[in-house]
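Just so you know, all these numbers are worked out from the coordinates, no wet-lab data involved. Note that the structure is a prediction, hence the values are computed from the model and not measured. Reconstructed Cβ throughout: ideal geometry from the backbone, glycine too, with neighbour counts over all protein chains shown.
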Amino acid sequence: MLSKENPWLAPLAIACLLALVPGCAEPPPPPLSGGSVATWTAYGGMPGGTHYSPASQITPGNVRWLKLAWEHRSGDIREARGPGGEGPPMPASGFQATPIVIDDTLYYCSSFNKVFALDAESGEEKWRFDPEVDKDGFLLANCRGVSSWRSGETGFCEHRILLGTLDVRLIALDAETGRRCPDFGEGGEVDVTHRISKHLPIEYSITSPPAILKDMAITGSLVLDNTRTDAPSGVVRAYDVRSGELRWAWNPIPPGMEPLNEDGTYRSGTTNVWSIISVDEERGLVFVPTGNTNPDYFGGHRKGLDHYSSSVVALDGDTGEVVWHYQMVHHDLWDYDTPAQPTLMDLRLDGKTIPVVVQVTKMGMTFVLHRETGEPVFPVEERPVPQDPVPGEYLSPTQPFPTHLPHLLPPITADDVWGFTFWDEGACRERMNELRNDGIYTPPSLRGSVLYPSNGGGNNWGSPAIHLGEQIMLVVTWRFAATSRLVPRDQCEDIPQQQLGTPYCVETGIVSSPLGVPCTAPPWGTLDAIDLAAGKIRWSIPLGTTRDMAPFPFWWIKGVPGIGGPIVTATGLVFIGTATEHVFRAHDLATGEELWQADLPTSANSVPMTYQVRPDGRQYVVVAAGGHWGAPNPPGDHLMAFALPE
């Protein structure tokens, strides 16, 4: 061990490494232990999320020996295209999938909805299916996962893989062969645009896997932000897994409002459900995290249409009727839609076990709700928030603030700005002083308002992971400020976010210095561990470094933003990529200490997963490394599996 008392040890250790002295070589890995069989049957590990695995072969004691076991590549990549290129301008694709494992087979989807079945231990391809999605038809090329349904019988299509596509089809495949299930809809697919109002293809997609409850596949949709007040409906629908017939539909309209447009299509402009849906199989409940009513930054026209926006809504799984709902942002004007899967767990509290929904938010606030009633398990206060909106707008006088679990982002002022030098710090201070900043929920303004947390969070779709035994929740938190500035309609010609149907378009961005660096001090991204019962932060560590996003010598900054999220295992390991750095890491749940890392070909902006399919087999940790359309990393198609040496 290096110490002040033995200063000669440090140069000796370095000399040993450089000279590769045999006595200084890395010790061999310990013998492979049995571990426990554990699969990953749904996107979040189980139908109610948690990102938790009971797999136990990989431990804090042996994780340092993890090595790449296999890699699979789909070939499904789109490079970014600017104006003047071949075809329309397009962002790069982003590979965000989390595979599932059923028995000994791993299933995943590519950025453009190709589906692959792999041998879970070798990575060898069993079959592939190509739905032939137009690569130039969609801005946000993304498929977060597929779902599995089993009848309990054997035979063709008694085990089905369900896929939602960018061009809004729901497809059922035989899990053994990858062939379409001909009894599902028309030739194995259902057109999910039925009764949706007229729209451009880029406005409406499916990017998250359908939830499976009994013999139903339940799906929401992505509706493009900030386009127009009459954007496509955010209706959620359940389809019969065998026939593809519509079983029910829930359009998030307030009580008493007409559910349909004049032409019989679902009422336009309602809040959508783009993120991951959870189900409670025992209670027959469906939990949907709702987005915001279009457009995001002006709502003077809504008049109650956002009744279900930025909420968790519990639906009756048999009928689609609302059982309860809890709204976490009233009249949302900040793009603070509910971004993450409602996470179901049994919370042990004061000697009682309570079935709860844990919901993280872009505000960095966590709400814990009783699963059967929607009532907060911990106190929530309605507190006054800034007022004085732009002409034509109205505001909620209060917003809900949980008081038990910590708010992860305290307010910022011009005194909190940061820069590499006095020059850029001064420029940041000047910029902050130009903007309206009355704290969280400062309304959008004509001069520009500080949006902190940013419209990306706080927490986003990759969180949380919850260790069920320790009741520790892990979240990725963004810690930089954004802006929102409303622009009068007669000045909107060259502004992309049009918000048609309102008096204003909108400009959004990051509060950054002339060097393009956030004006808030790093870390700009952290991994946070929170004790749910105690309401305490156990630890908070910077997530990643600027190594792959900044030129030398600016590689030293720790804590960068990133899309994706963590998983946690029974042995107390937290696996995460997420940051813009091209690195995959394992951390100790107890302390946050980094125990292992592996270099990747690009960033892993996804949620990893883990499994062991045989008692005498190996535990694998799998992550999709393919960049993200909004990040400065190259796009990729690398599905990478790590395991201990045999």
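Counting every other Cβ atom within 10 Å of each residue's Cβ, Trp556, Trp127 order from fewest to most as Trp556, Trp127. Put a plus charge on the Cβ of each Lys and Arg, a minus charge on the Cβ of each Asp and Glu, and nothing anywhere else: the dipole of the chain about its Cα centre is then about 800 debye. Size descriptors for the stretch 302-420, from the alpha-carbon set: Rg then Dmax equal 16.6, 57 Å.
The per residue volume of the convex hull around the alpha-carbon atoms of the chain is 178 Å³. In this rough spin-label picture, where each label sits 7 Å from Cα along the Cβ direction, the Asp494-Asp240 distance is 5.6 nm. How many nm separate the modelled label positions at Ile354 and Leu515, each set 7 Å beyond the Cα in the direction of the Cβ? My value for the distance between the label points is 4.7 nm. On the beta carbon distance between Ile541 and Glu372, with R0 = 25 Å, the FRET formula returns roughly 0.10. Whole Å is fine, so just give me how far the alpha carbon centre of the stretch 291-316 lies from that of the stretch 591-646. Taking the Cα centre of the stretch 591-646 as reference, the centre of the stretch 291-316 is 36 Å away. Taking the fewest neighbouring Cβ atoms within 10 Å as the starting point, the ordered list for Glu581, Glu71 is Glu71, Glu581.
Taking 12 Å as the cut-off, no amide N atom of the stretch 287-330 comes nearer than this to a point 7 Å along the Cα-to-beta-carbon line of Thr398.
When only C-alpha pairs under 8 Å and at least 6 residues apart count, what is the relative contact order of the chain, in percent? In percent, rounded to a whole number, it is 14. Scalar couplings 3J(HN,Hα) for the stretch 485-494, obtained by applying the Karplus form with A = 6.51, B = -1.76, C = 1.60 to θ = phi - 60°, are 10, 7, 10, x, 4, 6, 10, 9, 4, 9 Hz; x denotes Gly and Pro. Bridge orientation summary for the chain: considering DSSP beta bridges with both residues in this region, about 95 percent are antiparallel. Relative contact order for the stretch 250-373 using alpha-carbon pairs under 8 Å, separation at least 6, rounded to a whole percent? After rounding, I find 20 percent. Listing Arg150, Arg585, Arg447, Arg228 from fewest to most neighbouring C-beta atoms within 10 Å gives Arg447, Arg150, Arg228, Arg585. Pairs of Lys residues in the chain are counted when their Cα atoms are under 26 angstrom apart and they lie 8 or more places apart or on different chains; the count is 13.
Label-to-label distance for Ala533 and Asp104 is 4.1 nm, based on points extended 7 Å past Cα in the beta-carbon direction. Stretched out straight at 0.36 nm per residue, the stretch from Val37 to Glu186 would grow longer than its current Cα-Cα span by 49.8 nm.
Net charge dipole, the stretch 241-324: roughly 200 debye, given to the nearest 20, about the Cα centre with Cβ charges of +1 for Lys and Arg and -1 for Asp and Glu.
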